Amino acid sequence: MTSASAEGSDDLPGTQAAVAGAVLVPVAACAVTLALLTAYVTSGAAGIPPAEITVTRARLVQPLPDRDTVAYIDLRNTGGTDATLVSADAPLLGSPTMLARDVETDGAGRMEAVSALKVPAGGELRMSPAVGT
């Protein structure tokens, strides 16, 4: 019996280490998660509603045969954070789309490509054919 109890006592430290590891891992994961959530909330980002974009007006210029066309849209952001428009897709047109703005150079209007357009939180982005507005 002494040899059986000696074998049992050898397993006891290994069992305690396994139990301690099984308890320590979830407790450590919870502590890290709690720390990250606390940092997120104190940074002020928690609770801010995401951007919510709606199209309030859209206009499409009828294209001439074998020519490109242009579309103007007005976007409203009713969310609490700014949004950035980085691309537009018009599969029915069958041609690539480009984000652009109208600019005037030496009295002549032209389109200038832009990489992104900002829609401010609680604001609007109005795309208009008028140069200089």
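Points worth noting:
- Residue within segment 39-52 that is at pLDDT 85 or above and open to solvent by less than 60 Å² (accessible area, probe 1.4 Å) present: yes
- Restricting segment 113-133 to residues that are of a type outside the set (A, V, I, L, M, F, W, C) and open to solvent by 60 Å² or more (accessible area, probe 1.4 Å), the residue that is nearest to ASP66 (Cα to Cα): PRO129
- Restricting segment 79-107 to residues that are touching a strand residue (DSSP E or B) at 6+ places or on another chain (Cβ under 7 Å) and open to solvent by 70 Å² or more (accessible area, probe 1.4 Å), the residue that is farthest from ARG59 (Cα to Cα): ASP82
- Residue within segment 74-87 that is among the hydrophobic types (A, V, I, L, M, F, W, C), assigned to a loop (DSSP other than H, G, I, E, B) and under 17 Å from ALA121 (Cα atoms) present: yes
- Pick from segment 108-133, criterion outside any strand (DSSP E or B), modelled with pLDDT under 85 and not aliphatic (A, V, I, L, M), ranking: farthest from ARG57 (Cα to Cα): GLY132
The values are calculated or read from the model by the stated rules, or taken from the named source; none is laboratory data. Computed from a prediction, not measured in an experiment: that's the story for all the values here. FYI the Cβ positions are ideal-geometry reconstructions off the backbone, even for glycines, and counts take in every protein chain you see. For accessibility, only protein heavy atoms count, side chains too; no ligands or nucleic acids. Shrake-Rupley method; radii C 1.70, N 1.55, O 1.52, S 1.80 Å.
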